[in-house]
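These notes concern the structure reproduced below.
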Amino acid sequence: MKRFLGLGVMLAAALVLGSCGGNSTLDDTEAAVYITVDIEEYNPDIDVCTYLAAGTDMTISKLTIQSQPKSPTSTLNNQQDVRITRWVITPERMDGGSTASPQAIFDQGVIVPAGGNNDLENWRIYPVEYLDEVPLAHLLPENGGVDPETGNHNIRQRLVLQLYGKTMSGKSVASEPQPIQFNFFCGSP
């Protein structure tokens, strides 16, 4: 019985030690590369009324997705090229309000060569129909034009972008969450 107890303690200790490690999500993926997102140019001021009237999605003017080796000494080939398949945008309030806009998920493909980058222009970041939902719908004139949580005529949110995909060899890849700050209003800011 003592031998089983000792064995159980040793297994539990091994499990605890095995679960310790780095805290970066870049290390959590199984691929030899990791991806980063660089937002180079965008308009942080979003007139909700103008977007709704035009029926256009919010876009990022210019962004770059980069693929970098996890180890600087590794040799990369086309099997480490990354196919981004899912974009997840999670809004978070930055102005003291508690109700954030709904999360948006886009299933769309972008290829990023191993050790290279893909420059994107006017890339869709948030769907126009979500601008007509709470909390942003409160900013519309027909709804009073004021956020009831803050009493302001604008709502500040960051849209947190995270990309998911796989290398051509089938290894999972995910980017670190990338926050993008926005100021939403209707009419003049």
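The values are calculated or read from the model by the stated rules, or taken from the named source; none is laboratory data. Note that the structure is a prediction, hence the values are computed from the model and not measured. Here the Cβ positions follow ideal geometry from the backbone for every residue, glycine too, while neighbour counts run over all protein chains shown.
Identify the single condition in (1) free of Cβ contacts under 8 Å to residues at least 60 places away in the same chain; (2) under 24 Å from Tyr34 (Cα atoms) that Ile89 does not satisfy, given that it satisfies every other one.
Ile89 satisfies every listed condition except (1).
A quick yes/no check of all residues on (1) part of a helix (DSSP H, G or I); (2) touching a strand residue (DSSP E or B) at 6+ places or on another chain (Cβ under 8 Å); (3) surrounded by fewer than 18 Cβ atoms within 10 Å (Cβ to Cβ):
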| residue | (1), (2), (3) |
| --- | --- |
| Asp119 | no, yes, yes |
| Glu129 | yes, no, yes |
| Glu142 | yes, no, yes |
| Asp147 | no, yes, no |
| Ile155 | no, yes, no |
| Gly170 | no, no, yes |
| Pro179 | no, yes, yes |
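Quick one: Ser67 ticks every box in (1) in a loop (DSSP other than H, G, I, E, B); (2) in contact with a helix residue (DSSP H, G or I) (Cβ under 9 Å, 6 or more places away or on another chain); (3) at pLDDT 95 or above bar one, so which box is it?
Failed condition: (1).
Just to verify a result, which residue in the stretch 70-86, among those that are charged (D, E, K, R) and assigned to a loop (DSSP other than H, G, I, E, B), is nearest to Gln108 (Cα to Cα)? Walk me through it before giving the result.
Kept after step one, since they are charged (D, E, K, R), are these residues of the stretch 70-86: 70, 81, 83, 86.
If we keep only those that are assigned to a loop (DSSP other than H, G, I, E, B) as well, we get 70, 81.
Numbers: Lys70: 25, Asp81: 16 Å.
Result: Asp81.
Restricting to the stretch 131-189, name every residue that is under 30 Å from Val33 (Cβ atoms) and among the aromatic types (Phe, Trp, Tyr). It would help to see each step written out before you state the result.
Keep residues of the stretch 131-189 that are under 30 Å from Val33 (Cβ atoms), which gives 158-182.
Residues satisfying the conditions are Tyr164, Phe182.
Among the residues of the stretch 40-98, how many are exposed (fewer than 15 other Cβ atoms within 10 Å of the Cβ) and of a type in the set (A, V, I, L, M)?
Of the residues in the stretch 40-98, 2 are exposed (fewer than 15 other Cβ atoms within 10 Å of the Cβ) and of a type in the set (A, V, I, L, M).
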